[in-house]
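Here's the structure we're looking at; comments come further down.
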Amino acid sequence: QVTADASRIVANNVTHVNCAFASVQDGKAVLNGNATDATKLKEQKADLKLILSVKGKGLANAVATSEGQKTFAKSVAELVKAGNWDGAEIEWEAAELKKDEEANKETFALAVAAIKTELDAIGQDKKLLFGAVVCGCPNFIANNDVAKAQTHLDYLNIKVDGFQSEKIATHRSNLYPT
């Protein structure tokens, strides 16, 4: 497993850091590895916002039912609270969705609402941020109630690797040389 070296980040130059990844296991968000390195960034800048990113693989299936949404949402909130994170974001993997597009449309918005409710419940003393990372593929907005979901999100990021179609190959590269 590759681990980023948080000491290379000059925290004074950023306002938010999204820390990857928690993953989905048995319908719950589970922290991978040790996040203490990222939390040390707050020593450089106390008002830095550290956001726990939950990797999308398995998420759509985990939240396919009302009970699954509650279980997953509670597990995200528990990780955020235990790690003293400033919020969470989820990566929504559209490719994992069931073929029932109407059910999928509602599932995304319901899952987002459930997570936001749990974060609000634990964040009484501070505002916890909540965002989502979604596919930029053409069918995503048509097949998901993004407008309803956005009412529960502080931000929505579009994955650039999703800007593709079934007929056109796209180029994936860095913006600047590494």
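What net charge is computed for the residues neighbouring V112, neighbours being all others with C-beta under 12 Å from the C-beta of V112, Lys and Arg scored +1, Asp and Glu -1?
Net local charge, V112 excluded: -3.
What does the extension gain come out to for T65 and K45, with contour length at 0.36 nm per residue minus their alpha carbon separation?
Between T65 and K45, full extension yields an extra 3.2 nm.
At 7 Å along Cα-to-Cβ for each site, give me the label-to-label distance between T151 and A121 in nm.
That separation, rounded to one decimal, is 2.0 nm.
Under a 5 Å amide H to amide H cut-off, with H placed in plane at 1.01 Å, what residues pair with I90 once short-range neighbours are removed?
Here the answer is V54, G131, A132, V133, since their amide H atoms fall under 5 Å of that of I90.
Give me a comma-separated list of calculated 3J(HN,Hα) values for the stretch 53-62, in order, Karplus coefficients 6.51, -1.76, 1.60 applied at θ = phi - 60°, integers in Hz, x for any Gly or Pro.
3J(HN,Hα) across the stretch 53-62, in whole Hz: 8, 9, 4, x, 4, x, 5, 4, 6, 5.
Enumerate the lysines that K40 could reach by cross-link, defined here as Cα to Cα under 21 Å, with residues fewer than 8 away along the same chain left out.
Once the sequence-local lysines are set aside, what remains near K40 is K49, K81, K126, K127.
Any read-out appearing in this document is the output of simple, stated calculations on the displayed coordinates, not a laboratory observation. It should be emphasised that the depicted structure is a prediction, and the values quoted were computed from it without experimental measurement. Neighbour counts are summed over all protein chains in view; Cβ atoms, including those assigned to glycine, are modelled from backbone coordinates with ideal geometry.
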